[in-house]
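The values are calculated or read from the model by the stated rules, or taken from the named source; none is laboratory data. As the structure is a prediction and not an experimental result, all values here were calculated from the model. Quick reminder, even Gly has a Cβ in these numbers, built from the backbone with ideal geometry, and neighbours come from all protein chains shown.
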Amino acid sequence: MTVKVGINGYGTIGKRAATAISAQDDMEVIGVTKTRPSFEASLALERGFLLYTDPEKMGAFKEAGIEVAGSIDELLDAADIIIDCTPGGVGEKYRPRYEKAGVKAIFQGGEDHGVAGISFNSTANYDESWGAQFSRVVSCNTTGLLRTLYPLDKEFGIKEVFAVLIRRAADPGDSKKGPINAIEPSLKLPTHHGPDVQSVMPWLDIQTMAVKVPTTVMHLHANKIELNEKVSVEDVLAIWDKAPRIRFVRGADDIKSTAQVMELARDLGRSRSDLFEIAVWEDGVKTVDNSLFYYQAIHQESDVVPEIVDCVRSMCKMEKDAMRSISKTNAAMGIPK
Ligand code: NAD
């Protein structure tokens, strides 16, 4: 028997979650929601997903000739679990509807930790969401930080982290946001990214700063970690090599910027040219005594997607072992490790 998944909000994350869930043999997408008729709504139908919307919106879909299977509340009643991929802050408003329907729900990083009381990362705390009604997959940046920090903390112990996040201004399909010709520092310091990492690793001493830059392709993090012991670059690379969903790239191979990382992603030929792994520059890692310096790049549109799949398995008690879920998700999505 497969777990029935509904996707509320079929945008950047929602459509990727739908593709990833459909690729698994133990879960299925029973429907996705749209608020307005659009090319994404038509394509969802073409891909075989049933469309749901609120009753007052159904007329607009009918006028546009786009078939709707039912109301969002009907989808909530039919699903075992909803993946809420609505814009940040909207998920919170849906929570009472999920509660009323008695359906499990996964929120995204645009919501506060409090919306679910549990935040999720496959490597760091898969077990915490076991059987839960609500959980939240942390943001793309937090997922990236957790993927590289958690294995280091487990192996060597981290004393403190200082991370500078250089953030993309908008997703590639978004023409409304900026800046388009400026660098915009986050003036509220330290930024919220540190506390977000602490929603999964509460013991971690981490401070963050962030700037937004005119690019759409990726975020980049410049990280300084103080470890409890002196380690070599080789020690660090060996840990990351074993850790899930980290991919090494090298300046020596002509990957000198996020542009070439995304060119690599396009060449991998995956769905939507996504890079689900965190790209770490192997030849940009340096240690000085107990300090570790490195750069990592985050494909903001896709790194959280395999975590969403694992979160379904944990919340629906489908696989007890985190590594087995990660391997199963990876195999279905073409992620090598
Ligand atoms: P998006 O704007 O691309 O998609 C949101 C979708 O929800 C759209 O299809 C929109 O029409 C729909 N929607 C809007 N209001 C709705 C409502 N009331 N009911 C149902 N659907 C509604 O947003 P996104 O980038 O996919 O972000 C979704 C969530 O994922 C946010 O919490 C965001 O912070 C988080 N997230 C985004 C990224 C990213 O880089 N895009 C990365 C990680 C996490």
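Miscellaneous remarks
- Residue satisfying all of: in region 212-248; within 23 Å of ILE326 (Cβ to Cβ) and among the basic types (Lys, Arg); surrounded by the fewest Cβ atoms within 10 Å (Cβ to Cβ) among these: LYS242
- Restricting attention to region 88-106, the residues that are near the ligand (Cβ under 7 Å from one of its atoms) and either under 15 Å from VAL137 (Cβ atoms) or touching a helix residue (DSSP H, G or I) at 6+ places or on another chain (Cβ under 7 Å) (or both) total 2.
- In region 74-87, the residues that are in contact with a helix residue (DSSP H, G or I) (Cβ under 7 Å, 6 or more places away or on another chain) and more than 7 Å from the ligand (Cβ to nearest atom): LEU76, ASP77, ILE81, ILE82, ILE83, ASP84
- Of ILE335, ILE308, ILE278, all but one fail to be in contact with a helix residue (DSSP H, G or I) (Cβ under 8 Å, 6 or more places away or on another chain), more than 15 Å from ALA265 (Cβ to Cβ) and either surrounded by fewer than 19 Cβ atoms within 10 Å (Cβ to Cβ) or β-branched (Val, Ile, Thr) (or both); the exception is ILE308.
- For region 44-73, the candidate set comprises residues that are of a type in the set (D, E, K, R) and within 27 Å of the chain's Cα centre (by Cα); within that set, the residue that is farthest from the ligand (Cβ to nearest atom) is GLU46.
- Residue match in region 55-63 (condition: out of contact with any helix residue (DSSP H, G or I) (no Cβ under 6 Å at 6 or more places or on another chain) and within 30 Å of LYS328 (Cα to Cα)): no
- Neighbours by Cβ (under 8 Å, 6+ apart or cross-chain): first from region 82-93, within 17 Å of VAL304 (Cβ to Cβ) and in contact (Cβ under 8 Å) with a residue 24 or more places away in the chain; second among the basic types (Lys, Arg) and more than 8 Å from the ligand (Cβ to nearest atom): ILE82/LYS104
- Subset of region 87-108 [crowded, with 24+ Cβ neighbours inside 10 Å and in contact with a Gly (Cβ under 9 Å, 6 or more places away or on another chain)]: GLY91, ALA105, PHE107, GLN108
- Residues of region 125-176 satisfying the condition of being within 16 Å of the ligand (Cβ to nearest atom) and over 30 Å from LYS320 (Cβ atoms): LEU165, ILE166, ARG167, ARG168, ALA169, ALA170, ASP171, PRO172, GLY173, ASP174, SER175, LYS176
- Pairs linking a residue in region 31-43 that is within 6 Å of the ligand (Cβ to nearest atom) to a residue that is assigned to a helix (DSSP H, G or I), with Cβ atoms under 6 Å and 6 or more positions apart or on different chains, are THR33/ILE72.
- SER327 buried (at least 17 other Cβ atoms within 10 Å of the Cβ), assigned to a helix (DSSP H, G or I) and either at pLDDT 95 or above or assigned by TED's automatic domain parsing to the domain that holds GLN24 (or both): no
- Positions within region 10-30 being among the hydroxyl-bearing types (Ser, Thr, Tyr) and more than 11 Å from the ligand (Cβ to nearest atom), in sequence order: THR19, SER22
- Some residue of region 282-299 being in a helix (DSSP H, G or I), in contact with a helix residue (DSSP H, G or I) (Cβ under 6 Å, 6 or more places away or on another chain) and closer than 19 Å to ARG16 by Cβ: no
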